[in-house]
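Undergrad: Could you have a look at this structure, given as structure tokens, before my questions?
The values are calculated or read from the model by the stated rules, or taken from the named source; none is laboratory data. Every value quoted in this text rests on a predicted model; they were computed, and no experiment measured them. For neighbour counting, all protein chains shown are included, and Cβ atoms are generated from backbone atoms with ideal geometry for every residue, glycine included.
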Amino acid sequence: MLAIPAGATTSEPRSVSIMAKKKESYSTLEVAKLLGKKRETIWKWCNLKKIKAHRMLKGSPFEIPREEVERLLRVFSGEEAEG
């Protein structure tokens, strides 16, 4: 899984507003906004299988399940240690 640097955080207002939608999956852009990262970074992590994501069809955009987004938010807020 993804190795997150110590002290990494996410801003609460962004995560609350996007996560309030309670979608089943999120785009790389939505996850990038939640984590304060570039969309390209999230795409690379998906492509390298560092975060759980899937595509409906070959070549289609990645979809990141809500459970994985919640896990990433915990990791970036320091609630969960990655090793």
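Undergrad: Of the numbered conditions (1) modelled with pLDDT of 95 or more; (2) within 11 Å of the chain's Cα centre (by Cα), Leu2 fails exactly one; give the number of that condition.
TA: Of everything listed in (1) modelled with pLDDT of 95 or more; (2) within 11 Å of the chain's Cα centre (by Cα), Leu2 misses just condition (1).
Undergrad: Quick check on my filter: what residues within the stretch 36-81 are in a strand (DSSP E or B) and loosely packed, with under 14 Cβ neighbours inside 10 Å?
TA: His54
Undergrad: Continuing with this model, one more query. Which of the numbered conditions does Thr28 fail, given that it passes all the others? Conditions: (1) out of contact with any Cys (no Cβ under 7 Å at 6 or more places or on another chain); (2) crowded, with 18+ Cβ neighbours inside 10 Å.
TA: (1)
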